[in-house]
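Novice: Take a look at the following structure, please.
The values are calculated or read from the model by the stated rules, or taken from the named source; none is laboratory data. Keep in mind the model is a prediction, meaning the values are calculated, not measured. Because the Cβ atoms are built from the backbone with ideal geometry, glycine has one as well, and the counts that use them run over all protein chains shown.
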Amino acid sequence: MRKISTFALQTPCRFPLLSLMHWIGILNITDDSFSDGGKYLDVSVAMSHARALLDAGADYIDVGAAASNVSALPVTAELERERLRPVIEGLRAAGVKVSVDTFNPDTQQWCLSQGVDMLNDINGFCHPEIYPALAASSCQLVVMHSVQGRGKATLTSWSPSEVWDNILRFFDDRLSALVRAGVDEHRLIVDPGMGNFLGSDPRSSLLVLQRLPELKRRWGREVYVGLSRKGFLRKIQLPATDSACSECSENLLLTEDIDDITARWNAFAVAQGADYIRTHVIKK
């Protein structure tokens, strides 16, 4: 495996900032999510996993009923609602902050009627027909960038500089469109995307992580990062700049638990200014 080292990182692997941001616990009620598809389709199992995430420190539970990875199959809005309804009802009855991960505009409208606290859209709310409903609601909106523009992730070849330029154009246009439609700008959260949502080159995700402070300065919005368990994490290294990271070697990238690798990169994202971290396992 070739180590990616185009961008030099100087931040150590241990960070003191994890208490200053929000943890988003991932709850995939799907049959084909890339790392846990099929595990939480049973409502009782899903609720048990949500409780475990909350006990570990999750501030929100992000429920996804339609996978968006390269191999995922299409899911209708009807099936999404069928999967989501009992889980959302159970979480809301328990007073849990509920986020829903969906890029289907019909599902999004239904979620608004259910009073969810956050909508997380990998297509960055590309359907203007629902903007009036978004404007009339009070939920937070995670506006995510992807090089695909619409639909699930696909394997595309973009250079890091192309990706960065696309991110800037996308948020300039999309945030302005949502605000013009009446959405309170303080409800908008910026997610630059990670992994295949930035193309097949791992260096793009690394570049974006390094430049999170620029995103915050440019739009003055909170930043959301979701890199949990993504394949690019095994192709790049967080440098071993302190004794606590003496085991951060290239060989360990192949054998180390992906949640441990994720935890270190989550910490790096926080150190770069991320306000929300979306993750499968919360390790503070």
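Novice: When the residues of region 74-113 are filtered to those that are touching a helix residue (DSSP H, G or I) at 6+ places or on another chain (Cβ under 8 Å) and among the acidic types (Asp, Glu), which remaining residue is surrounded by the most Cβ atoms within 10 Å (Cβ to Cβ)? Full working, then the answer.
Specialist: Initially, region 74-113 is screened for residues touching a helix residue (DSSP H, G or I) at 6+ places or on another chain (Cβ under 8 Å), giving 77, 80-81, 84, 86-88, 90-91, 96, 98, 100, 102, 104-112.
Now restrict to residues that are among the acidic types (Asp, Glu): 80, 106.
Working: Glu80: 23, Asp106: 15.
Only one residue fits best here, namely Glu80.
Novice: Could I ask something else about it? Six or more apart or on different chains, Cβ atoms under 8 Å: show the pairs whose first residue is in region 56-73 and part of a strand (DSSP E or B) and whose second is of a type in the set (Asp, Glu) and buried (at least 22 other Cβ atoms within 10 Å of the Cβ).
Specialist: Qualifying pairs under 8 Å: Asp62/Asp101; Val63/Asp101; Gly64/Asp101.
Novice: Take region 93-116 and flag every residue that is in contact with a strand residue (DSSP E or B) (Cβ under 6 Å, 6 or more places away or on another chain) and charged (D, E, K, R).
Specialist: Residues satisfying the conditions are Lys97, Asp101.
Novice: Then there is this: So Val179 passes all but one of these: (1) within 20 Å of the chain's Cα centre (by Cα); (2) in a helix (DSSP H, G or I); (3) among the aliphatic types (A, V, I, L, M). Which condition number does it fail?
Specialist: It is condition (1) that Val179 fails.
Novice: Would you say Pro86 is under 18 Å from Leu41 (Cβ atoms), over 20 Å from the mean Cα position of the chain (by Cα) and touching a residue at least 24 places away in the same chain (Cβ under 8 Å)?
Specialist: Values: under 18 Å from Leu41 (Cβ atoms): yes; over 20 Å from the mean Cα position of the chain (by Cα): yes; touching a residue at least 24 places away in the same chain (Cβ under 8 Å): yes.
Against the criterion (under 18 Å from Leu41 (Cβ atoms), over 20 Å from the mean Cα position of the chain (by Cα) and touching a residue at least 24 places away in the same chain (Cβ under 8 Å)), Pro86 qualifies.
Per-residue answers, yes or no, for (1) at pLDDT below 95; (2) over 21 Å from Asn120 (Cβ atoms):
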residue	(1), (2)
Val223	no, no
Phe232	yes, no
Ser243	yes, yes
Glu247	yes, yes
Leu252	yes, yes
Asp257	yes, yes
Arg264	yes, yes
His280	no, no
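Novice: Under 6 Å by Cβ, and 6 or more places apart or on different chains, what pairs join a residue from region 41-54 that is part of a helix (DSSP H, G or I) with one that is among the hydroxyl-bearing types (Ser, Thr, Tyr)?
Specialist: Final answer for the pair search is Ala46/Tyr40; His49/Tyr40.
Novice: Could you identify the single residue in Val147, Val116, Val142 that is part of a loop (DSSP other than H, G, I, E, B), surrounded by 15 or more Cβ atoms within 10 Å (Cβ to Cβ) and either touching an Asp or Glu at 6+ places or on another chain (Cβ under 7 Å) or at pLDDT below 95 (or both)? Outline the logic, then answer.
Specialist: Details: Val116 fails: either touching an Asp or Glu at 6+ places or on another chain (Cβ under 7 Å) or at pLDDT below 95 (or both); Val142 fails: part of a loop (DSSP other than H, G, I, E, B).
On inspection, the qualifying residue turns out to be Val147.
Novice: Which pairs have Cβ atoms under 7 Å, sit 6 or more apart or on different chains, and link a residue in region 90-105 that is more than 12 Å from Ile122 (Cβ to Cβ) to one that is assigned to a loop (DSSP other than H, G, I, E, B) and of a type in the set (Asp, Glu)?
Specialist: Lys97/Asp59; Lys97/Asp117; Val98/Asp117; Ser99/Asp117
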